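One structure is given here, and the rest of the page talks about it.
Values quoted throughout were computed directly from the atomic coordinates according to the rules given, and no laboratory measurement underlies them. Values in this document were obtained by computation on a predicted structure and should not be read as measured data. Neighbour counts run over all protein chains shown; Cβ positions are idealised from the backbone, glycine included.
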Amino acid sequence: MKVIALLGSPRRNGNTDIMAEEVLHGSREAGAETDVIVVDNYLVRPIAEVGDKSSERDDPRNDDDFPSLLEKFLNADIVIWATPVYWAGLSGQLKCFLDRMSSYFNKEPYKKRFVGKGHIVVCAYGRSEALHGKFVTEPMKLVVDVLHGEYLGDVCSPSTYPKGSVRNKTEILSACYELGLEAVKKRKC
Ligand SMILES: Cc1cc2nc3c(=O)[nH]c(=O)nc-3n(C[C@H](O)[C@H](O)[C@H](O)COP(=O)(O)O)c2cc1C
């Protein structure tokens, strides 16, 4: 079983990176092979003009790094969407990735490869209100639904502003580890 983390923060060793690594740690304990994809290390441009019919859409900007990242995504059994909350939403890095998927998810020969994956969300944010976590988890639940995947759970860390400060939150790190462990066990059954 292959578990990948799509890291949406540009901060290596930042809060979402640390949380994603804990989920991967748990996944490895359950026997999975894991990988981290730092989306910010790749050129993924915002989506260009596309047609209305998703089954016939082209990707006019397919000369950047998106197609190679998409291949890594399609080869995974479980995907961890790891993002800080940026202005009440996903980071731009992950949003560009998601938007660009729109040219592939309902189109042959890719369509079948999107279906049936497990999905996990981790997010860190500075504010204390749980609503800020929902700015990420709610849209991601819709994405998973559209992709005919299974939403395996999420961990959100509120009041987490300074870089690396989530390391002091042992309950959040344990929740990430457990989620990775249980997700792989569940998907193996
Ligand atoms: C551009 C930007 C926008 C942000 N917007 C929000 C926000 O809307 N709500 C919030 O609670 N925190 C916000 N934050 C704080 C980050 O979510 C927080 O620092 C988080 O821990 C960063 O995660 P990272 O270390 O993985 O990059 C923002 C930070 C930046 C840089």
task: Specify the residue that is farthest from the ligand (Cβ to nearest atom); the eligible residues are those in the stretch 6-34 that are of a type in the set (Ser, Thr, Tyr) and part of a helix (DSSP H, G or I).
output: Ser27
query: Within the set of pairs 6 or more residues apart or between chains, which connect a residue that is on the phi < 0 side of the Ramachandran plot and free of Cβ contacts under 8 Å to residues at least 40 places away in the same chain inside the stretch 115-142 to a residue that is hydroxyl-bearing (Ser, Thr, Tyr) and not in a loop (DSSP other than H, G, I, E, B) with Cβ atoms less than 6 Å apart?
result: Lys141/Tyr151
task: Scan the stretch 92-99 and give yes if some residue there is surrounded by fewer than 22 Cβ atoms within 10 Å (Cβ to Cβ) and away from the ligand (no atom under 16 Å from the Cβ), otherwise no.
output: yes
- request: Take the stretch 108-131 and flag every residue that is in contact with a Cys (Cβ under 8 Å, 6 or more places away or on another chain) and of a type outside the set (Val, Ile, Thr).
  value: Cys123, Ala124, Tyr125, Ala130
task: For residues that are crowded, with 20+ Cβ neighbours inside 10 Å and not hydroxyl-bearing (Ser, Thr, Tyr), scanning just the stretch 118-131, find the one that is farthest from the ligand (Cβ to nearest atom).
output: Gly118
message: Looking at the stretch 40-62, can you tell me whether even one residue there is under 17 Å from Cys123 (Cβ atoms) and within 16 Å of the ligand (Cβ to nearest atom)?
response: yes
- prompt: Does Tyr161 satisfy the criteria of being part of a loop (DSSP other than H, G, I, E, B), among the aromatic types (Phe, Trp, Tyr), out of contact with any Pro (no Cβ under 7 Å at 6 or more places or on another chain) and more than 10 Å from the ligand (Cβ to nearest atom)?
  reply: no
